[in-house]
Every structure is written in structure tokens, then in C-alpha cells.
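Have a look at the structure below before the remarks.
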Ligand SMILES: Cc1cc2nc3c(=O)[nH]c(=O)nc-3n(C[C@H](O)[C@H](O)[C@H](O)COP(=O)(O)OP(=O)(O)OC[C@H]3O[C@@H](n4cnc5c(N)ncnc54)[C@H](O)[C@@H]3O)c2cc1C
Ligand code: FES
């Protein structure tokens, strides 16, 4: 929010509250510890949020959406942005007061993970009504400043190597939220490798955030939240592992293949992609060097077998635990083909904003109830997701 936004902001404020803030109250919050954001479409302000951050505590002071634009998710987007902003700033808890009678606002805050923590008696001067004090805890401890060590382009893919501030253990299948320079929200990427303090990410530039990430330069610092979500469990007993990677799904299955092979578990990896440019030689060498049985499948037949991964699945599933990561359509098809008695773990992708279960952006709905892909996944056992992919 800038000073020139105030005429539009004050009009929304007046239409929204019985005791609206005046110009001076907004002006004070335009500089730290105040932070004010507007939601804008084609130069028109439709809503705004104002917060203060003091040390590691955030306080949401004001949030409003212009009356004609309500019930379109703008309030949720503003709140998500504030949560994400707090994560960037290393805030450990976010607080707000809300009128006890404002059921719509309370339900929005609860949906975003806020819980009622207390009550402020006769807080509102106009009616003498109580305010509910609501709070949200944020996982500050896992935010790291990572330094870019190398950016290696390999055909349509890129490996980003970053040096972390401290060593962190991880499970294959877990992911990071990483700052995309110049973009307000972090982006989720699977942990491709993490040894000592060296983090490796494999990515394909598809939009503004991932393009900004492949254009970073050595020595640049990026904020990273990690390790997030649940990883792949190990197979039980004397099972062998079948890994099914569709395109970028290799990013999460690659470290799993290496871990299984280190444990002496037989690994067969099927990796399907559009064409041969998706299979950089250094990655293929690393896999075959570890005695991983690797089968490549391309849609245009330029390398390996021609077709889709779902068309070349094996028929023999006895004593196999299956791990799959790829586009939604591929995952749906795999789950419908593999017999129900076979244990299957799938890693799912959803659009994410916070990555830590705080904003509800990545809800997966199904018969088994709602799940958050970032917190309850991204790896799920097939029974957990039921009909959610259909
Ligand atoms: C848990 C998890 C792990 C991931 N791991 C990797 C990884 O290791 N390497 C990698 O390259 N990508 C990975 N992704 C996908 C990656 O996060 C998105 O491609 C990225 O966020 C897109 O941001 P953008 O700003 O570049 O694109 P945008 O401008 O936001 O979108 C560009 C295009 O990409 C699509 N897109 C955006 N987000 C996603 C998403 N989450 N999943 C699928 N399509 C999306 C959009 O629909 C649009 O068509 C992962 C996603 C999740 C949820
Ligand atoms: S709850 Fe925020 S991304 Fe999952």
C-alpha cells in the first residue's frame, strides 16, 4: 500500500466498519513495524490488509474487502499473503482480534488454521462487544538463508545447488519452499539431494517463479523453508521397490532410488518423459552406477520405449512396493491399474502458498475427509487419498 492508494482504501474502510480507521491510522502503518498490502485488479483496489511485526510476533490489525467483491476468495488470498510474508520475516506467531459476532471472519480465520486463544472484554467501543483473540503458530525454526553455489542447466532441466546455514536431515519425498526472486510467494520443490549442508533442487522452468529461480547467480542468497511434508516410507520385509516417475516426478524419486539402493533393496525405476532431452546423462549415470534397473520411456520414441509410462507397466506386482510421482492423470491411471492388494505410495502436487499447513491453499478433498498436501503429504499411501484424484 502506498500513500496514493489511501483514497480508495478509505472508501472501502468506510463502507466496511462502523468505526473506520482514518487517514492518519493508515499512514502510520505504511512503514515498519507496520506493513500494509492492497489487493488490486486492473488498477482498482478491491481489498487490503494491515499488519505489524514486532520481533518474532505478527499482529493482523485490519483486513477488508470492498462489499461488491466479497465471497470471491480475496480475503483468503490477502490472509495467505500475510501468513507467507510472516514466514519470510521469521515470525513465529500471528495474532488478530475479531468481533465475537463476526461469524464469517471467524470461520475464515479458523479455516486458515487460527485458533481462539483468549477474549478481550468490551473491546469494541461502539457496541461494547468482546473481541476474540485468535492466534496461529508458524514454524520459524526451519527458515534458512541459503547461498547459491551453482546453477547447472541440462536441456529443459536445471539443477540448483545451495549451501545451507546448518545441516538438516531429510527423507526422500520431502520438499522445500524456496524464495523465487521478485515473486511474493515461495515455490515448492522436492529435495533432489541434501548432504551435509549442500541442498540440490532439480527444476524445470514453467512460469515466472521457476524462471526467476533458474536465473539466479552464484553467491545470491535465497530464503528456504525445509524439510517440509512427509517422505516415502521404506518397504516392509523382503519387498522390492518399483519406482514410477513421470517427467519432473524424478526430482522426488531420485533420492529415494539412491537410498533404497544403499539399503540393498532391489530397485526398478521407470522414468517416462516427452522426449530424450529430459534425460540428462549425468543423472542416468548416477542411477545406473548404483545398480538401479532403469527403464526409459518417451512419448516420441526418441529414447527407450515409445509410449506412456502407464502403457508399459509390469504385470507382475508380487512382493513389490510401488512409489509414484508425476502428473495427476498419470497417478490416477496408475492407481486404477495396480491391483488393490499392492502397497502404493504416491507423491502429489498441488498449488501451495505457505507449505506448512497454515493457509489451506493445498486442500485435497475426498471421501476420507480433507487433507493438506503440504502437511499430510505430499506422499500418501493409496488408501489415504481414496477418491480424491478422480
Ligand atoms: C510438493 C511439490 C514438489 C514439487 N517439486 C518440484 C520439483 O522438484 N521440480 C519442479 O520443477 N517442480 C516441482 N513442483 C512444481 C513447482 O512447484 C511448480 O512448477 C512451480 O511452483 C510453478 O511456479 P511458477 O511461478 O514457475 O509457475 P506459475 O506461473 O505459477 O505457473 C506456470 C504453470 O505451471 C503450473 N503449475 C504451477 N504450480 C504447479 C504445481 N504445484 N504443480 C503443477 N503445476 C503447477 C501452472 O498451472 C501453470 O500452467 C513441485 C510442486 C509441489 C507441490
Ligand atoms: S496449507 Fe498452505 S500450502 Fe498447504
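The values are calculated or read from the model by the stated rules, or taken from the named source; none is laboratory data. Everything quoted here is computed from the prediction, not taken from an experiment. A quick note on method: Cβ atoms are made from the backbone with ideal geometry, for glycine too, and the neighbour counts reach across all protein chains shown.
Miscellaneous remarks
- Of all residues in the range 333-380, those being away from ligand 2 (no atom under 16 Å from the Cβ), in contact with a strand residue (DSSP E or B) (Cβ under 6 Å, 6 or more places away or on another chain) and either free of Cβ contacts under 8 Å to residues at least 12 places away in the same chain or under 28 Å from residue 206 (Cα atoms) (or both) number 3.
- Cβ-Cβ distances below 6 Å connect the following pairs, each with a first residue in the range 196-225 that is in the same structural domain as residue 146 (by TED's automatic domain parsing) and within 17 Å of residue 248 (Cβ to Cβ), a second residue that is in a strand (DSSP E or B) and near ligand 1 (Cβ under 6 Å from one of its atoms), and a separation of six or more residues or different chains: 201/189; 203/189; 209/187; 210/203.
Residue-by-condition table, conditions (1) crowded, with 18+ Cβ neighbours inside 10 Å; (2) within 30 Å of residue 146 (Cβ to Cβ); (3) at pLDDT 95 or above:
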residue: 5; (1), (2), (3): no, no, yes
residue: 11; (1), (2), (3): no, no, yes
residue: 26; (1), (2), (3): yes, no, yes
residue: 43; (1), (2), (3): no, no, no
residue: 78; (1), (2), (3): yes, yes, no
residue: 83; (1), (2), (3): yes, yes, no
residue: 101; (1), (2), (3): no, no, no
residue: 114; (1), (2), (3): yes, yes, no
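- Strands (runs of 3 or more DSSP E) enclosed by the range 196-262 - at least 2 residues per element that are buried (at least 19 other Cβ atoms within 10 Å of the Cβ) and within 16 Å of ligand 2 (Cβ to nearest atom): 221-228
- Residue in the range 322-332 that is nearest to residue 371 (Cα to Cα), counting only those that are touching a residue at least 60 places away in the same chain (Cβ under 8 Å) and surrounded by fewer than 16 Cβ atoms within 10 Å (Cβ to Cβ): 328
- Candidates 350, 329, 384, filtered to the one that is closer than 23 Å to residue 234 by Cα and within 16 Å of ligand 1 (Cβ to nearest atom): 384
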